[in-house]
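Right, one structure below, let's go through it.
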Amino acid sequence: MRKLILLILLSLIALLLVPGLAMAQDAPPSSPTPLPRLEITGLEPRQVINDSGATLSIYGSGFDANCVVQLVGYGLLPTSLVNATALTASLPASVPPGTYLLRISDGTGLANRVAEMAGALVVKAPAPVAPPAAPPPAGQPKLTIRNYAVEPARVNAGQEFVVTIEIYNNGSRAGENTMVLFPGGTFLPVGETGHMVGQLHINHTVVITQRMRAPDSLSSGVHNVTIELTANDWEGTNYSYPGAVPLEVIGKPTDSGSGPTGKPRIVIEDVRTDPAVLVPGEPFTLTLALANRGNRTAASVFVTSASTDMAVPASGSDTVSTPRIAVGQTMTVTLPLMLGNIQTGGRQNMGVKLEYSDLTGGSYGDAQNIGVDINTSLIRQPQLIIESYSTTPDFLSPGDTFTLTLHVANVGGGDAGRLTLALGGEEGMGLAPFIPLKSGNVLFVSELLKGESVILSRELIVDGSADAKAYSLPIALAYDDPRASRQEEVQRLSIIVRKRPEIQASFYRPPDLLTVGMPMPVALEVVNVGRSSINVSEMTALAAGMAVTSEGIPFIGPLDPGGSAPLDLLLIPEAAGVTELIISIRYRDEFNQVQTITDTLSIDVMGEPEWPGGPDGSDRPGGPDGPFGPEMPPVVEQPETFWQKVGRALRGFFGLGS
């Protein structure tokens, strides 16, 4: 029974399904859904440089994963879908410069699935890059031997000689730690073999002197003196420049037993000067005791002063000679010299050069130092100083004419001649802001003896645009000393320039009649009529024959140009006549010093009135104590009206009165 029921159900289901399938097979096919239209609305960036790749962002609508970007004239670009309204495309660096049409398609070939944007992308080549500037040449110092001298010019074997070379830097950098070495070799250096020069600038030279000795075994001919020049540049790189100087040598005979041996040796054993203490610019005689301590006779001995910067010949030349000094013999020679302008006193070295030969023609040279005592004090030298100076007037302001007075004294030990004083220095460059009037900036004195003084003056004017401050005025002094040597020095003065304030005092209104013994209040106005502010610290007034007191608190503080300050006073005349009311303002100037400036007003005071009646005043109105006589009505001060007050306020506002 159950199987029958199940079979019937299956049959019913089959009947229901079979007609549906048949209907589905018999229905016509449906049309596909149309794809949306592709559109381009924007592109970023619109311009690119083809030196590197770029990413293009395309905006529009209808985009899907099948869309691809094409640069017409170049080709397809790798494309990525962001969403239905945005694509990205990778632009390689190899795209040629130009303006490109941008095209997007999805490969279906449908007309609405292709979008174009004309002139969308501009590809530019990178701007040409200027080639890098060539680095500056490294440069280096280059040391050469420009000149040389050998003394004597011909050297005998076994003889000492002096080599003088001039080193020249013709490189492109200065030589640092420059050294000149005489390493020896053919010739033997005597004394120090190295000379430290230090810094040798470009195109500069230095002279080096080295004593050498030719060996006894050296043969005749031309031999080289080896020289090594070394220097660093500023970066520390070391450079070496070997050099040589040729020298002619006369060798000794090959038969050593045929000639004499040994050589003379001259030494300075004693020194005397007359006077014993030398003074710069004064003549003296130098006496030398020369002894031959060698083992051969010295012939043709020449003695020369080697310190030409210390001593010069007083007469004749600086060289003396003696024909012969035997072995063990002592000879005395005298040199007449004059000491130069030496700045350092005390015991000083003086060089003496000796040249001599032996009887066989051998030449020898030597340089020795002797000690001399020098006094550089002002025993015979003039010394000028500006002892004092003053200006008339003392208070100087821009635009003022003044007289500068100098008190010059000679405190040295000699007379000074042809004295000149140049205001503002030798060229007058330091004279500003002071300008000479009616003459130049140089003052002249023909002679100023030792111990005397002279007063000199010059009229000047202060430049109207000068600032208020202390000016240092150089004074160049030049004079001849007793040796006719011109001496120069500079001394300085300090001249103070201040701003001069100006005030003008006036009455607010003319005061009523002043009478002896009658108190009278007076209102004043003080106006700053100058061009600079005044820092008022006190304002007072006084008058001869009158008691003056201030009413209220006087003005204190800065008073600008054109500004005004009130001053209320109470005047009690004590004597009749015309008197001067002096208004004084104390203020601090630019140097924080208290100064005072004043202005005066003339006031007329009447005498005390004579009253009629008896001596006791019994006939006066009001009896003896009555204040008025019959012909003198009482003086009643009228109060100031409202419009008078308004007018005074307006005048003060416009700076015409307070």
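Among the strands (runs of 3 or more DSSP E) confined to the stretch 70-127, the ones with at least 3 residues that are buried (at least 19 other Cβ atoms within 10 Å of the Cβ) are located at 86-91, 98-105, 114-124. Here the condition is being loosely packed, with under 15 Cβ neighbours inside 10 Å and among the hydroxyl-bearing types (Ser, Thr, Tyr); of Thr273, Thr186, Thr209, it holds for Thr209 alone.
Is it the case that the stretch 336-347 has a residue that's under 21 Å from Gly262 (Cα atoms), assigned by TED's automatic domain parsing to the domain that holds Asp366 and of a type in the set (A, V, I, L, M, F, W, C)?
Residues of the stretch 336-347 that are under 21 Å from Gly262 (Cα atoms), as a first pass: none.
No, because not a single residue in the stretch 336-347 is under 21 Å from Gly262 (Cα atoms), assigned by TED's automatic domain parsing to the domain that holds Asp366 and of a type in the set (A, V, I, L, M, F, W, C).
Only a single criterion out of (1) closer than 22 Å to Asp589 by Cβ; (2) within 30 Å of the chain's Cα centre (by Cα) is not satisfied by Leu404, namely (2). Summed over the stretch 249-279, the residues that are modelled with pLDDT under 90, aliphatic (A, V, I, L, M) and under 27 Å from Leu359 (Cα atoms) give a count of 2.
Based on this model, can you work out whether Gly399 counts as part of a loop (DSSP other than H, G, I, E, B) and free of Cβ contacts under 8 Å to residues at least 60 places away in the same chain?
Against the criterion (part of a loop (DSSP other than H, G, I, E, B) and free of Cβ contacts under 8 Å to residues at least 60 places away in the same chain), Gly399 does not qualify.
Here Ile325 does not qualify as surrounded by 16 or more Cβ atoms within 10 Å (Cβ to Cβ), β-branched (Val, Ile, Thr), under 49 Å from the mean Cα position of the chain (by Cα) and not assigned by TED's automatic domain parsing to the domain that holds Asp480. Scanning the stretch 416-429 for residues that are in contact with a Leu (Cβ under 9 Å, 6 or more places away or on another chain) and either among the hydrophobic types (A, V, I, L, M, F, W, C) or at pLDDT 90 or above (or both) yields Ala416, Gly417, Leu419, Thr420, Leu421, Ala422, Leu423, Gly424. In the set (1) touching a Leu at 6+ places or on another chain (Cβ under 9 Å); (2) assigned by TED's automatic domain parsing to the domain that holds Gly425; (3) surrounded by 15 or more Cβ atoms within 10 Å (Cβ to Cβ), the condition left unmet by Glu459 is number (3). Residue pairs whose Cβ atoms lie under 7 Å apart, sitting 6 or more positions apart in sequence or on different chains, and linking a residue in the stretch 306-319 that is more than 19 Å from Thr344 (Cα to Cα) to a partner that is modelled with pLDDT under 80 and not in a loop (DSSP other than H, G, I, E, B), do not occur here. Gly530 fulfils the conditions (1) in a strand (DSSP E or B); (2) farther than 30 Å from Glu608 by Cβ; (3) touching an Asp or Glu at 6+ places or on another chain (Cβ under 6 Å) except for a single criterion, (1). Looking only at the stretch 212-238, residues that are surrounded by 13 or more Cβ atoms within 10 Å (Cβ to Cβ), part of a strand (DSSP E or B) and either among the small types (Gly, Ala, Ser) or over 36 Å from the mean Cα position of the chain (by Cα) (or both) come to 10 in all.
Just one of Ala422, Ala367 is under 30 Å from Thr287 (Cβ atoms) and outside any loop (DSSP other than H, G, I, E, B); which is it? Give the steps one after another, and end with the answer.
Details: Ala422 fails: under 30 Å from Thr287 (Cβ atoms).
That would be Ala367, the only listed residue that is under 30 Å from Thr287 (Cβ atoms) and outside any loop (DSSP other than H, G, I, E, B).
Applying a threshold of 6 Å to beta carbon distances and a minimum spacing of six or more residues, or different chains, the list of pairs starting in the stretch 109-121 at a residue that is farther than 14 Å from Leu35 by Cα and ending at one that is among the charged types (D, E, K, R) and in a strand (DSSP E or B) reads Glu116/Arg103.
The requirement of being at positive phi and not assigned by TED's automatic domain parsing to the domain that holds Leu396 is satisfied by Gly562. Could we say that Glu192 is over 18 Å from Tyr148 (Cβ atoms), more than 32 Å from the chain's Cα centre (by Cα) and assigned to a loop (DSSP other than H, G, I, E, B) here? When the stated conditions are applied, Glu192 passes them.
Within the option set Asp512, Asp599, Asp604, being more than 30 Å from Ala468 (Cβ to Cβ), in a strand (DSSP E or B) and touching a residue at least 60 places away in the same chain (Cβ under 8 Å) holds for one residue only, Asp604.
Okay, residues lined up against (1) within 30 Å of Asp309 (Cα to Cα); (2) more than 32 Å from the chain's Cα centre (by Cα); (3) hydroxyl-bearing (Ser, Thr, Tyr); (4) buried (at least 18 other Cβ atoms within 10 Å of the Cβ):
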residue: Tyr356; (1), (2), (3), (4): yes, yes, yes, yes
residue: Asp366; (1), (2), (3), (4): yes, yes, no, no
residue: Thr376; (1), (2), (3), (4): yes, yes, yes, no
residue: Ile385; (1), (2), (3), (4): yes, no, no, no
residue: Gly399; (1), (2), (3), (4): no, no, no, no
residue: Gly413; (1), (2), (3), (4): yes, yes, no, no
residue: Gly425; (1), (2), (3), (4): yes, no, no, no
residue: Phe434; (1), (2), (3), (4): no, no, no, yes
residue: Val442; (1), (2), (3), (4): no, no, no, no
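The values are calculated or read from the model by the stated rules, or taken from the named source; none is laboratory data. Here the structure is a predicted model, which is why all the values come from computation and not from measurement. Every residue, glycine as well, gets a Cβ built from its backbone with ideal geometry; the counts of neighbours run over all protein chains shown.
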